[in-house]
Amino acid sequence: MDRKNVSRIARKYNVYSGKLLGVLEDIQKEERYLSEETLKNVADVLDVPLTRVYSVATFYSFFNLVPVGKHIITVCMGTACHVKGAYRILEVLQDLLGVRPGETTKDGKFMPTTHDKKFTVSTARCFGACSMTPVVMIDGKIYGYVNAKNIPLILKEYGWGEKNEN
Amino acid sequence: MICNADEGDPGAYMNRNEMESDPHMVIEGMIIGAYAIGANEGYIYIRAEYPLAIERLDRAISDARAYGLLGNNILGTDFSFDIHIARGAGAFVCGEETALIASMEGNTGRPRKRPPFPSQKGLWGKPTNINNVETWCNVASIIKNGADWFTRIGTEKSKGTKVFSLVGKVKRTGLVEVPLGTPVKTIVYDIGGGATDNKKVKAVQTGGPSGGCIPDSLFDTQVDYEHLADAGSIMGSGGIVVMDEDTCMVDTAKYFLEFAVEESCGKCTPCREGTYQMHRILEKITEGKGTNEDIVLLEKLANIIKLTALCRLGQTAPNPVLTTLRYFKDEYLAHVEDKRCPARVCRSLINYYIDPAACRGCTICSRNCPVEAIDGKPGYIHIIDQNKCIKCGTCMEVCNFSAIVKLSGESIDTPFAPIPINKGR
Ligand SMILES: Cc1cc2nc3c(=O)[nH]c(=O)nc-3n(C[C@H](O)[C@H](O)[C@H](O)COP(=O)(O)O)c2cc1C
Ligand code: SF4
Ligand code: FES
């Protein structure tokens, strides 16, 4: 993101507390990941050292430093989901999407993206939807009670199995 | 003044509910609190995983400002107070108060030594009061109904009610509010309806990754601060995860240690290195490679980390191991001595077989097996090649005749090659 747009986002914050994290989150909402250029511009606009912006961006699991696919599938690995078989859900997803288990991206995170750049698989710990475990979130939408049988149906809503448009 | 809405305990979602269904309750509590201590600035630190709660709080804060309940000279008095939202970004340790403050100041969320406590030296070095969402929610009704009203409920030492999130392998999952001191069994059986699928409840985990497991033999334990501590667990934020006979307690301990390893901020050695080593030992045990010495070492490490870690994350991380060792030693021993996982969870210690008497030769399992480990053809009894099987359980999920059995430490007689199903059977 260029300086102008970083400034536009930064202007929304009138207090210092929570500003850096807030700005990074807002940028990620628009661009889906934080590029090197973005981090440099954030450091510049907010007048904080680049090292700090970088350490913050890598410390918090919410930030992606590499581009992600069109749809982000996040499997909840929270305790309630774990006891209901979250690991198996992750495995089924990897099988269906053909991404290798344990595959990590350049920023050292487990976030494999399919070759057609349609899906990125990631994990999180609890969306607070623990009464309908196991839970999977796709682009911010929560799906409860998922299992090996209904996952393919859910994925189809996002164009899984279709030929790539381009 | 800060409202801690980081709700990092996975499996607990009381705060999410409070903020989404009645954000004004939080705000009202904070205004009263600010008035009492003379604070002019308030923050709600809320985790990014709760977008709806953020949206509703944001809206409620704007509404409160419009009504003159927040801002300068509230209701014409000389009291001024405003609330801002700060968002977390997916780090459990940021629920710890000093880490939370560091995070709000735009740093990595790493805890620091206390004292000085935040009430002495907090956000930007100023005295800061920090409390949980539920605490703030209680304020307005206590002020309205009086302290006697609140303290009449509960026990001698733990007053009032508490909201718990009852989740996991229980029939009725959800949020429950009960007087403190209610026995575990009332919550699990009377309110939760017991385990699903006619299984037997084995234990509950309270207090999340910092808490511990309480076995069903201790379900008379009253849920309050003292009695949970006596049982080796904690109240924490109020998560209650129910586990049944299909939950392996060693695997559960491993799960929590993995959580600690991932969420450790890395500042101090006991937590950063110690939890990693504990996790490695647990991994070894669940793979059937553990020894009795490993169990001794595990316990020793746990006690050392408890004493030496800098913040409560590290100090409490061994709790799930210590409580499972205390109450479920037999499961550890089964893994170590018999190379058996009694709950049939740990993959290295289980095998899938096809029951020749139940197989109908429909081929669905062999068609779905991702590694082609199943031999068979229509009308023939199918057989799983144990050397090829990766124990993913796909066959069990797809079989319509419940012909797949999962065993640990035992086996059943199966034919060596597919044979025709005896039609007269
Ligand atoms: C690792 C760790 C994580 C914590 N996470 C939370 C949390 O998510 N929410 C919370 O309210 N308190 C959390 N706490 C406790 C806070 O440090 C603090 O004690 C609490 O917010 C005080 O609120 P209360 O006195 O109103 O309960 C955590 C503590 C530790 C050590
Ligand atoms: S105990 Fe763990 S989380 Fe706490 S300061 Fe030490 S390394 Fe960080
Ligand atoms: S544990 Fe998965 S939604 Fe809470």
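None of the figures in this text is laboratory data; all of them are computed from the coordinates on show. Worth saying up front: this structure is predicted, and the values here are computed from it rather than measured. Note that we place each Cβ from the backbone using ideal geometry, even for glycine, and neighbour counts take in every protein chain shown.
Just tell me how shielded B:38-51 is by partners: mean number of partner chain Cβ atoms within 10 Å of each residue's Cβ, no decimals.
Averaged over the peptide's residues, the number is 3.
When Cβ neighbours within 10 Å are restricted to other protein chains, what is their mean count per residue of peptide A:88-96?
Average per residue, whole number: 2.
How many Cβ atoms of partner chains, on average, are near each residue of B:98-107 if near means within 10 Å of its Cβ? Please report the intermediate quantities before stating the final value.
On the way: counts 0, 0, 0, 1, 0, 7, 8, 6, 14, 7.
Mean shielding by partner chains, rounded to a whole number: 4.
Set the bar at 23 Å for Cα to Cα. Now go through B:LYS121/B:LYS159; B:LYS171/B:LYS306; B:LYS284/B:LYS329; A:LYS29/A:LYS149; B:LYS199/B:LYS406; A:LYS70/A:LYS141 and name every pair that lies beyond it. Please report the intermediate quantities before stating the final value.
On the way: B:LYS121/B:LYS159 29 Å; B:LYS171/B:LYS306 35 Å; B:LYS284/B:LYS329 16 Å; A:LYS29/A:LYS149 31 Å; B:LYS199/B:LYS406 16 Å; A:LYS70/A:LYS141 14 Å.
From the list (B:LYS121/B:LYS159; B:LYS171/B:LYS306; B:LYS284/B:LYS329; A:LYS29/A:LYS149; B:LYS199/B:LYS406; A:LYS70/A:LYS141), the Cα-Cα distance tops 23 Å for B:LYS121/B:LYS159; B:LYS171/B:LYS306; A:LYS29/A:LYS149.
Among B:CYS311, B:GLY288, B:LEU322, whose Cα sits farthest toward the positive end of the charge dipole of region B:273-326 (+1 at Cβ of Lys/Arg, -1 at Cβ of Asp/Glu, about the Cα centre)?
B:CYS311
May I ask for the angle, rounded to the nearest 10°, between helix A:36-46 and the longest principal axis of chain A, with both axes built from Cα atoms and the value confined to 0 to 90°?
Long axis of A:36-46 versus the principal axis of chain A: about 50 degrees.
Could you tell me which residue out of B:GLY274, B:SER103, B:ILE74 lies farthest along the dipole of chain B toward its positive end? Charges go on the beta carbon: Lys and Arg +1, Asp and Glu -1, centred on the Cα centre.
B:GLY274
On C-alpha positions alone, give me the angle between the axis of helix B:249-263 and the longest principal axis of chain B, in degrees, nearest 10.
Value to nearest ten degrees: 50.
Among bridges DSSP assigns within region A:71-156, what percent are antiparallel (round to 5)?
Details: 7 of 13 bridges.
Antiparallel: roughly 55 percent of the beta bridges in region A:71-156.
Write down the percent of antiparallel bridges among all DSSP beta bridges whose residues are both part of the protein assembly as shown, to the nearest 5.
60
Cβ neighbours within 10 Å, averaged per peptide: list B:126-134, B:312-320 in order, most packed at the top.
Output ranking for B:126-134, B:312-320: B:312-320, B:126-134.
Quote the charge dipole size of region A:71-156 about the Cα centre in Debye, to the nearest 20; the model charges only the Cβ of Lys and Arg (+1) and of Asp and Glu (-1).
I would put it at about 80 debye.
When ranked by the protection proxy of mean other Cβ atoms within 10 Å per residue, highest first, what sequence do the peptides A:38-45, B:384-391 form?
So the order, starting with the most tightly packed, is A:38-45, B:384-391.
Straight distance only, please: which aspartates and glutamates reach the Cα of A:LYS118 with their own Cα at less than 13 Å, same-chain residues fewer than 8 apart left out?
Within reach: A:ASP139, A:GLU157, A:GLU162, A:GLU165.
Only bridges with both residues in chain A count here: give the DSSP antiparallel percent, nearest 5.
55
In whole angstrom, note down how far apart the Cα centers of region B:394-425 and region B:28-49 are.
Between the Cα centre of region B:394-425 and that of region B:28-49, the gap is 61 Å.
In whole angstrom, note down how far apart the Cα centers of region B:65-102 and region B:229-287 are.
Cα centroid to Cα centroid, the span is 33 Å.
How much net charge surrounds B:ARG59 when only other residues with a Cβ under 12 Å from its Cβ are counted (Lys, Arg +1; Asp, Glu -1)?
It works out to a net charge of -2.
Under the rule a/c < 1.5 gives rounded, and otherwise a/b versus b/c splits prolate from oblate, where does chain B land using the Cα gyration tensor?
Here chain B falls in the prolate category.
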